[in-house]
Amino acid sequence: MNEPIVRIAARGDGVTPSGRHIPFGVPGDAVLDDGALAYGPHHQDPPCRHFPECGGCQLQHADDDAYRDYLVSRIAGALAQHGLTTEIRLPHLSPPRSRRRATLKALKVGQSVLAGFNAEMSHRIVDMLECHILRPELFELVDPLRALLADMLQPKRIAEIQLTLVDHGLDVQLKGVPAGRLSEIERLTAFAMDYQLARLSRDRGVGPETLYEPGPATVTLSGIPVAFPYGSFLQATADGESALVQAVQEAIGGSNAVADLFAGLGTFAIASRGIYAAEASRDAAAALKRAMPAMNVEHRDLYRRPLDAMELKRFDTVILDPPRAGAEEQVIALASSTVARVAYVSCNPATFARDAKTLADGGYALNWVVPIGQFRWSTHVELAASFSR
């Protein structure tokens with residue numbers, strides 16, 4: 001008998017009612033008796049020639065409805081493992097070609113340079129000839145970078161190209177590119193000028209070294225320009241950032257005493273006009289403090305030293321935006337605090353659900369969750385959630 005695909009598993013395979021995992025299956029597809037996959041209404045033609053070889057995308061064969069359902073099911077499944085349910089809103093999807101930051105790999109092969117993402121589950125580089133997720137400004141620089149690096153890279157040594165779109169152009173950082181001769185440095189600088197880069201730096205293993213920066217590299221967050229330290233975190237798309245900020249603003253309501261924990265450069269602290277922000281990165285904390293001198297910004301590792309219940313008494317609302325590991329230590333303190341509202345931004349449904357359970361056990365209600373699909377066509381799931389007492 002034919003067996004339908006009923007859901008998409010965490011890593012992107014289709015799953016049948018009997019639990020079989022079928023590569024590239026989408027709900028509505030069916031596995032035929034001979035093992036072939038019959039496409040249903042939600043199976044689309046992948047737009048990129050590199051799919052599925054390139055590891056940048058895993059779900060280009062799923063249409064938007066199927067992709068939204070996937071995001072919802074990932075979050076609902078993670079919550080269910082902890083006995084939690086809530087309203088999961090319609091996911092917000094960032095449009096194609098909107099990713100404003102990426103890390104590419106580069107390798108010299110013969111007289112040419114391969115540049116692109118790694119292949120799925122591999123260190124092999126897929127030479128990027130088109131890309132449907134990167135902003136055009138990033139993709140259009142890939143071919144010129146190939147030409148620039150052709151005689152600078154060492155054979156069999158993989159280099160890294162970090163690209164981030166900041167206020168005044170692209171911030172480009174090169175790792176593993178020797179370029180020690182004066183002539184090579186001059187070529188790099190000329191390249192930066194020709195392509196009007198916001199900043200060009202290189203890291204030869206001892207930290208970034210600026211080669212070109214005509215003015216301070218900044219990112220504007222809620223109308224405030226903030227210095228952009230090397231390698232700092234920035235939401236993957238401007239569209240996704242706006243959706244997350246909107247969700248956080250709804251979750252905190254009209255709160256006046258807001259603390260932003262794991263604040264980064266201040267995406268949410270600035271938007272909420274918070275009175276306190278804590279961030280483990282010294283450079284990010286310093287950049288936020290310079291941009292918002294009236295805000296109490298603390299350089300603090302919240303994994304080692306979370307705010308305790310006494311410190312939390314100053315705030316009626318807390319915003320959490322931790323790394324993938326979640327905020328376990330800080331959430332334990334919040335569960336025993338008097339904080340009335342928590343807005344939680346997460347890039348990992350599993351650790352979010354764990355922390356949500358701790359908050360729920362401490363008396364918080366999980367009001368709603370909204371999935372945010374910034375990493376379009378990937379299995380990476382982001383979300384914003386509202387908790388209140």
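The values are calculated or read from the model by the stated rules, or taken from the named source; none is laboratory data. Small disclaimer: the values here were computed from a predicted structure and weren't measured. Heads up, the Cβs are rebuilt from the backbone with ideal geometry, glycines too, and the neighbour counts pull from every protein chain shown. The area values use the complete protein model at the heavy-atom level, side chains included, leaving out ligands, DNA and RNA. Shrake-Rupley method; radii C 1.70, N 1.55, O 1.52, S 1.80 Å.
For a quick check: with amide H placed at 1.01 Å from N, whose amide H comes under 5 Å from A62's, ignoring anything fewer than 5 positions away on the same chain?
So A62 has HN proximity to Q44.
So, with +1 on the Cβ of K and R and -1 on the Cβ of D and E, and no other charges, what is the size of the charge dipole of the chain about its Cα centre, to the nearest 20 debye?
Rounded to the nearest 20 debye, it is 900 debye.
For segment 63-181, with only Lys/Arg (+1) and Asp/Glu (-1) charged at the beta-carbon, what is the dipole magnitude about the Cα centre, in debye rounded to 20?
Roughly 580 debye for segment 63-181.
Viscosity 1.002 mPa s, temperature 20 °C: give me the Stokes-Einstein translational D for segment 321-368 in µm²/s, with Rh taken as the Kirkwood radius over C-alpha pairs.
Rounded, D is 200 µm²/s.
So what J values fall out for segment 136-151 if you push phi through Karplus, 6.51 cos²θ - 1.76 cosθ + 1.60 with θ = phi - 60°, rounded to Hz, Gly and Pro as x?
Computed from phi, the couplings for segment 136-151 are x, 4, 6, 4, 5, 8, 5, 5, x, 5, 4, 5, 4, 8, 4, 10 Hz.
May I ask which residue of M121, L200, N2 lies farthest towards the positive end of the charge dipole of the chain, with charges of +1 (Lys, Arg) and -1 (Asp, Glu) on Cβ and the Cα centre as origin?
L200
Can you find, among G35, P95, S73, the residue farthest towards the positive end of the dipole of segment 28-110? Put +1 on the C-beta of Lys and Arg, -1 on that of Asp and Glu.
P95
Provide, for the chain, the number of lysine pairs with alpha carbons under 17 Å apart, each pair being eight or more places apart or on different chains.
5
Given charges of +1 on the Cβ of Lys and Arg and -1 on the Cβ of Asp and Glu, with all other atoms neutral, how large is the dipole of segment 1-104 about its Cα centre, in debye to the nearest 20?
Computed about the Cα centre, the dipole is about 720 debye.
Which order, highest average first, do 222-230, 25-33 follow once you tally other Cβ atoms within 10 Å for each residue and take the mean per peptide?
Highest to lowest by the protection proxy: 25-33, 222-230.
Give the span of segment 54-199's Cα atoms along each principal axis, as three whole-Å numbers ordered largest to smallest.
Projected onto the principal axes, the Cα atoms of segment 54-199 cover 62, 33, 27 Å.
Let's test this: bin the Cα-Cα distances of segment 1-76 at 5 Å from zero up to the farthest pair and state each bin's percent.
That works out to 3, 17, 28, 26, 17, 7, 1, in percent per bin.
Average the reciprocal distances over every distinct pair of alpha-carbons in segment 252-307, invert the result, and give the Kirkwood radius in Å.
11.0
By the scheme Lys and Arg +1, Asp and Glu -1, what is the net charge of all other residues having a beta-carbon under 15 Å from that of H82?
0
May I ask for the net charge around P17, where only other residues with Cβ less than 15 Å from the Cβ of P17 are counted and Lys, Arg are +1 while Asp, Glu are -1?
Around P17, the charge tally is -1.
Over the chain, what number does the Rg to Rh ratio reach, with both radii from the alpha-carbon atoms and Rh per Kirkwood?
1.00
Quick check: convex hull of the Cα atoms in segment 46-128, volume per residue, rounded to a whole Å³?
For segment 46-128, the hull spanned by Cα atoms encloses 130 Å³ per residue.
So what are the radius of gyration and Dmax for the Cα set of segment 263-389, in Å?
For segment 263-389, the Cα-based Rg and Dmax read 14.3, 43 Å.
Along the charge dipole of the chain, pointing to its positive end and built from +1/-1 on Cβ of Lys, Arg, Asp and Glu, which listed residue (S18, A343, W368) has its Cα farthest out?
Projecting each Cα onto the dipole axis, the largest value belongs to A343.
Taking all protein chains together and a probe of 1.4 Å, list Y212, Y303 from the most accessible to the least accessible.
Largest accessible area first, the residues go Y303, Y212.
Tell me the relative contact order for segment 320-389 as a rounded percent, counting alpha carbon contacts under 8 Å between residues six or more apart.
Computed over segment 320-389, the figure is 37 percent.
I'd like the accessible area for H132, computed on protein heavy atoms only with a 1.4 Å probe and all protein chains in place. Round to 10 Å², please.
The accessible area comes out at roughly 30 Å².
Mind listing P(r) for segment 157-257? All alpha-carbon pairs, 10 Å bins, whole percents.
14, 39, 26, 13, 7, 1
Determine the calculated [θ] at 222 nm for the chain from helices alone, applying -39500 (n - 2.57) to every DSSP H run no shorter than 4 residues and normalising by the residue count; nearest 500 deg cm²/dmol.
The helix contribution divided over the chain gives -8000 deg cm²/dmol.
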